[in-house]
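Reviewing the structure listed below.
The values are calculated or read from the model by the stated rules, or taken from the named source; none is laboratory data. This one's a predicted model, so the numbers in the text were calculated from it and none came from an experiment. Glycine also receives a Cβ, built like all others from the backbone with ideal geometry; neighbour counts cover every protein chain displayed.
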Amino acid sequence: MNAVQLQQSIREFADSIGIDKIGFTTAAPFRELKNRLKRQQELGYQSGFEEKDLEKRTEPALLLDQAESIIAIAIAYPSKMENAPKGKKGERRGMFCRASWGTDYHTVLREKLSLLERFIFQHAPDAKVKSMVDTGELSDRAVAQRAGIGWSAKNCSIITPEFGSYVYLGEMITNIPFAPDEPMEDECGTCTLCLDVCPTGALIQGGQLNAQRCIAFLTQTKTPMPEEFRMEMGNRVYGCDTCQTVCPKNKRKHNLHQSAFQPEVELAKPLLQPILKLSNREFKEKFGHVSGSWRGKNPIQRNVIIALAHFKEESAVPELIAMLAKDPRPVIRGTIAWALGQIGTEEGYTALQAALLNETDKDVLAELQGALNNRKERL
């Protein structure tokens, strides 16, 4: 089987195992991307989760000896939750972004790429391959764009005509010289909705993101949430979909066909207060199979406290007071101090005054004092 026949066979096999889109490109360096990434580093716009070596991020030949081609894949995920539960006073709910619905996409895409690797080895035993999903060195979006999966949009997502931007991406470098597909033309046009509605102004301009201001990134950090972003988070406990949900190209793109990504509604839109009680083991048992669990329970619990403050949920005050007195984590105590100030009950203010007498962490003390000062200003 020659490379042309193998390429067609790979397309057919990919379709048979549930890969929604597949494209091919060369393993040539991503020179334009390298310049953009360097500028992002200089501006301090990167999240810190990326591969720091720009050569590895843009030179496929450094990742696989004799690299000739890259195979890009995309699998669609749903944008719509059927029978979504509604929160109410006393039973407030948070939201995990759509990319955390169902089974962790890293697991699903790695399984698909593994099947694809085996298929290639069956027909080309001497082939060399290196696959990656999300956490690999290469930029998934840059590969997908060059391989014709979709265009690189102003909201920093890949948009496909078939599934909108609701797609997970992965890629495989190989030494087989496949014919490259044509990149797609940009279809964003003059639309700037995603830039206009970004809650924190993280989208600097079309295709440029300051990750340090992006709620999707901020929900994954383990440090105190900067105060300027807290009320902008709303009830998001992991991720943010705003720049996707407003996109006209995503209209009527529901993508309900992948069973692995069907949302479990009590996990995708969970009750907030029960999350505060979860131990590490209980959190892993409940949420461990979804991608939004990868940073552990601490960031999620911090975000839950912020969401309760957003709702000014008075029923949570007794539990927050108990945690303020006993929780060993300064980030959690500091967030609670701020939240009690936002909720604004007398019981909460009394607890803040009491906590001032025993607290030793300077950052928590600053949060306590800030919450009490804000009360004085309101009065």
*Taking the options 271, 256, name whichever one is closer than 30 Å to residue 188 by Cα, surrounded by fewer than 20 Cβ atoms within 10 Å (Cβ to Cβ) and of a type in the set (A, V, I, L, M, F, W, C).*
256
*Would you say residue 106 is closer than 18 Å to residue 239 by Cα, at pLDDT 95 or above and not aromatic (Phe, Trp, Tyr)?*
yes
*Hey, among the residues in the range 335-379 that are within 17 Å of residue 313 (Cβ to Cβ) and of a type in the set (Val, Ile, Thr), which one's farthest from the chain's Cα centre (by Cα)?*
345
*For the range 85-117, name all the residues that are farther than 27 Å from residue 158 by Cα, more than 20 Å from the chain's Cα centre (by Cα) and in contact (Cβ under 8 Å) with a residue 24 or more places away in the chain.*
85, 87, 89, 90, 91, 92
_I'm checking my understanding of the structure. Among residues of the range 32-67 that are surrounded by 15 or more Cβ atoms within 10 Å (Cβ to Cβ) and of a type in the set (Gly, Ala, Ser), which one is nearest to residue 219 (Cα to Cα)?_
47
*Within the range 18-31, how many residues turn out to be surrounded by fewer than 16 Cβ atoms within 10 Å (Cβ to Cβ) and within 16 Å of residue 140 (Cβ to Cβ)?*
0
*Taking residue 348 as the residue in question, decide whether it is farther than 20 Å from residue 91 by Cα, surrounded by 22 or more Cβ atoms within 10 Å (Cβ to Cβ) and among the small types (Gly, Ala, Ser).*
no
*Enumerate the pairs (first residue in the range 336-351 and free of Cβ contacts under 8 Å to residues at least 12 places away in the same chain; second residue anywhere and in a helix (DSSP H, G or I)) with beta-carbon separation below 9 Å, excluding pairs fewer than 6 apart on the same chain, so at least 6 apart or on different chains.*
350/321
*For the range 34-61, name all the residues that are part of a helix (DSSP H, G or I), of a type outside the set (D, E, K, R), modelled with pLDDT under 95 and under 24 Å from residue 131 (Cβ atoms).*
37, 54
